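Heads up, the thing below is written out as structure tokens.
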Amino acid sequence: MSSALATQPEPAPAAKVSPPRLTNTALLASSCVVLMLAPLAFGAVEPWSIFALEASAMLLLAVWAFRQWINRELNLYDNVLYRPMAAFFALVLVQWLTGTTAYRQVTYSHLLLYAAYGMLAFVVTQTLRRSSQFELMAKLFTVYGAVVALFAVLQGMAPNGKLYWIWSLEQGGSIYGPYVNHNHYAGLMEMLTPFPLVLAATHFTDGNRKIAATGIAALMAASIFLSGSRGGIAAFVAQMLVLGVLLVRKREGSWKQPLMLAAFLAMVIVFLVWMGGNELTRRLISIHSEAREEINGGVRLTIDRDCWRMLIKRPLLGWGLGAFPIVYPEFRSFYTTFFVNQAHNDYLQLLVETGLAGFSIAVWFLVLVFRQAAGKLKNWTETANGALTVAALLGCVGILVHSFLDFNLQIPANAALFYVLCAIAAAAPIHESRRRRVVRRHNLIVQPHPETPAS
């Protein structure tokens, strides 16, 4: 009896129930939600929406740090953009601390806002590590872009001069979608349209899903034209040229991607003819006349000249981040009853506010973005790394072209998404699922060989 009892195994200790872990995917999805909600709050230009954006960024960073602490590990992935971002933050901090800014309070508030952009970019690049997460992000942005574009088109067909048909404008504007200014709506679509377009051009969708992605991308692109933003139209054309070059430079001579691009452009034309008609034609004619007027000495060209005079006064550190509208009246060379709050050229405004030092950091930033992205473009239609990089890079190209004519980077919602896309384009390659890549590329189903003997 005793020997029998001695041979019985001791009961296993009760398993410890570990607390639920916040995954990278949950943090990434939360960051995407913040980026998608900001445009709906009129572009996050109101004090309450700016606070919400900054608080959300701080909360996401705190959750990421808390997750590292409870897991007793520090998984930190480097990104080459962290260095110019830190340098720019240090420059603005010097402006604020030394009083070289024309208005310390507004520079401090912009410093906090740029810190929020950095936090969002940091959290996204730390959590976006797998190809499945790229698919999640692309699908989120695709559905979101389709809903916003559809709303904007419907609002454009039945406008009443109010945002969401509810809120009246206090200082006027050109409403389109959730934005007071149609140019800023176009900027948002420039960054979102590449995601469904890349899904349609790669092996991440097939069959009806590929057709649906192409149709959604066409709707979003058509809404850029329908918004009447000439900067948005120029940016979209630049994006298509870049995409065309990427397709032409592919080593394998596949005809599917060029055919998809042709189908996409055909759908855009169909949408424009169906929803735009004579009104779109009149708007395109007016854009041509407006552009000719600007070249012959319009208001924007005059503001550009004034900006150069401002730069000459303070060439090294500028007048202070965010101080343009405060300083500009002293240099304005024309009469107007309107308040000129932006330079309508993000490059010149950056020069005026941060001087040659800040502009040099921005050039460094962009060089790193394109250099890092170029190393991930090989066979981009076949890999998650390549597809993600192309989607982010096309969005960046759109805003960079548009910034010559408008001020999308002064709109917090658009700026936050732009800097996140830059960080994604410059990030190290994400983990590629080899099984998914092989299955998507070759469309194979692994089956046992008929001559294999049964075990």
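Since every read-out is calculated from the coordinates, none of them should be taken as a lab result. No experiment lies behind these values; they were computed from the predicted model shown. When we count neighbours, we look across all protein chains shown, and the Cβ atoms used for this are built from the backbone with ideal geometry, even at glycine.
Data table
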read-out: Net charge of Cβ neighbours under 11 Å - reference Gly187; Lys, Arg +1; Asp, Glu -1; value: -3
read-out: Cβ-based exposure ranking for Met267, Met58, Met191, in which fewest neighbours within 10 Å come first; value: Met58, Met267, Met191
read-out: Inter-probe distance in nm under a simple model that places probes 7 Å from Cα toward Cβ, at Asp78 and Trp364; value: 1.6
read-out: Fewest-first sequence of Glu135, Glu46 by Cβ atoms within 10 Å of each Cβ; value: Glu46, Glu135
read-out: Residues with amide H under 5 Å from that of Asn79, placed H, sequence gap 5 or more; value: none
read-out: Per residue convex hull volume, Cα atoms of segment 174-246, in Å³; value: 75
read-out: Phi to ³J(HN,Hα) by Karplus 6.51 cos²θ - 1.76 cosθ + 1.60 over segment 147-158, Hz, x for Gly, Pro; value: 5, 5, 5, 5, 4, 5, 5, 5, 5, x, 7, 9
read-out: Fully extended contour minus Cα-Cα distance, from Trp308 to Leu169, at 0.36 nm per residue; value: 46.8 nm
read-out: Residues with amide H under 5 Å from that of Arg130, placed H, sequence gap 5 or more; value: His431
read-out: Three-way shape label, segment 22-437, alpha-carbon gyration tensor, a/c 1.5; value: oblate
read-out: Whether segment 105-208 is rounded, prolate or oblate, judged on the alpha carbon gyration tensor where a/c under 1.5 counts as rounded; value: oblate
read-out: Per-residue ³J(HN,Hα) for segment 396-410, Karplus 6.51 cos²θ - 1.76 cosθ + 1.60, θ = phi - 60°, Hz, x for Gly and Pro; value: 5, 4, x, 5, 5, 6, 4, 5, 6, 10, 9, 10, 4, 7, 9
read-out: Fewest-first sequence of Asp406, Asp78 by Cβ atoms within 10 Å of each Cβ; value: Asp78, Asp406
read-out: Net charge dipole size for segment 22-437 [Lys, Arg +1 and Asp, Glu -1 on Cβ; Debye, nearest 20]; value: 1140
